[in-house]
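Read-outs throughout are calculated quantities, based only on the coordinates presented, and are distinct from any laboratory measurement. Predicted model only: the values in this text are computed from it and were never measured. Here the Cβ positions follow ideal geometry from the backbone for every residue, glycine too, while neighbour counts run over all protein chains shown.
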């Protein structure tokens, strides 16, 4: 790896997005065919965050594939052995990470679409030591938390995040990442860690994580969210009826998991139930926008991972929001690299969350939106980036101090797609 990174012709790399193709969207193990993911994510860094495309580096770590169809396909371009595991796998990842930061010490590295089994372990190995973060765990958690803060504003109940009961349906890396971000958000609002966890219920495909689930059956990241006060044999419908959650989040990839009885039961107890089916693509969403609005008589506050069209209901147009990571990660990258931060900390991410939540105007909240329109994405990226950069400076992990007008500095550093004529028109 140390020699391979020097095959890249550019000495100045600002953002690296790396995947091993093991868990692509809702498509699973695509092996080397997952290369489109880092390319696509970096396109969003360019379009939304103003990163110069010449300063981006998309990477596929080809560790083999367990997809039998690909392994027997003569046109498949990747390695056809089964995936590396254990020390052999992690040593390869480590060699890549160390080599990359050796050549580009000021770059941000984003881990993308790694399998649930490996994603958290890789993040834990470098979090706080290198300028890196995992988009599926931290990015999804951050953008969801920002959406929830906006949604709670929209309820006009006077409540805060700390007052909510939240069901997180899906206990993979994204689901646990969301649950942990919510836990951190509640702690920022004054709850203890134990109190925050007591307001979060996490479900997987076997039901609620409860005392019937031996700790050895759960990952280290899942164990803190096991309920000590419940056996755990609750179905989603029974859980909604018993605990009356105000927020329902889906991160399962299972289409139709949010059933009409469960949503109607939730709506019986809350004037403005908050329903976020976050699985991608649209065909994997736990429910559609039309279903959520219809089953709640148009009262639901809705955001989804993939876009849904507006819904006409009772003469009113309801516009669902899209809870997309692009609202957070380009700003994180821009802000962290702008001040040459030494790491991406939880405090920096929470600062970005607050900035994103506050960038939604009152008129947008009134229209049922919990995220800004995509047309504002560059302004949103600057707002998030400035908050992230200020947090890094405040906590003493910034490598340089920019001018006082941070937003102006960040905007001036953004790449803009301006194509100037090579030959001047003489007429």
Given a cut-off of 22 Å, what percent of all Cα-Cα pairs of segment 4-126 lie beyond it?
-> 35
Checked segment 273-427 with the C-alpha gyration tensor, a ≥ b ≥ c its square-rooted eigenvalues, rounded below a/c of 1.5, otherwise prolate if a/b is larger than b/c and oblate if not; verdict oblate
Rounded to the nearest 0.05, what FRET efficiency do residue 404 and residue 347 have when you use their Cβ-Cβ distance and R0 = 22 Å?
-> 0.55
Taking only DSSP H segments of four or more residues, each worth -39500 (n - 2.57), what value at 222 nm results for the chain once the sum is divided by all its residues, to the nearest 500 deg cm²/dmol?
-> -11500 deg cm²/dmol
Looks like segment 129-212, by Cα gyration tensor root eigenvalues a ≥ b ≥ c and the a/c under 1.5 rounded cutoff (else prolate when a/b is bigger than b/c, oblate otherwise), is oblate
Mind telling me which of 412, 183, 199 comes out most flexible in a GNM of the chain, alpha-carbon contacts under 10 Å?
-> 412
For mean projected area of the Cα convex hull in nm², with candidates (i) 21.2; (ii) 25.0; (iii) 29.0, the value calculated from the shown model is option (ii)
Report the residues of segment 138-156 in range of a label on residue 366: point 7 Å along Cα→C-beta, backbone N strictly under 17 Å from it.
-> 153-156
Comparing 112, 95, 364 in a Gaussian network model of the chain (Cα, 10 Å), the one with the largest mean-square fluctuation is 95
Rounded to 5, percent antiparallel among DSSP beta bridges of the chain | 20
Can you give the angle from 0 to 90° between the axis of helix 140-155 and the longest principal axis of the chain, with both taken from C-alpha atoms, to the nearest 10?
-> 40
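Per residue, what volume in Å³ does the Cα convex hull of segment 189-302 take up?
Hull volume over Cα atoms, normalised by residue count, gives 115 Å³.
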Of 267, 367, 174, the most mobile residue in a GNM of the chain (C-alpha springs, cutoff 10 Å) is 367
Could you calculate the contour length gain from residue 88 to residue 272, that is, 0.36 nm times the residue separation minus the distance between their Cα atoms, to one decimal place in nm?
-> 61.2 nm
Per-peptide average of other Cβ atoms within 10 Å, ordering 65-76, 36-47 highest first | 36-47, 65-76
Label points 7 Å out from Cα along the Cβ direction at residue 95 and residue 235: separation in nm?
-> 5.1
Go ahead and run the numbers for FRET between residue 319 and residue 395, Cβ-Cβ distance against an R0 of 45 Å, rounding to 0.05.
-> 0.75
How high is the relative contact order of the chain, in percent, with contacts defined as C-alpha pairs under 8 Å that are six or more residues apart?
-> 15
On average, how much area does the Cα convex hull of segment 6-57 cover when viewed from any direction, in nm²?
-> 4.0
Could you tell me what percent of the DSSP beta bridges with both partners in segment 4-126 are antiparallel, to the nearest 5?
-> 10
Please work out how much length the chain gains when fully extended from residue 415 to residue 192, using 0.36 nm per residue of separation minus the C-alpha to C-alpha distance, in nm with one decimal.
-> 76.0 nm
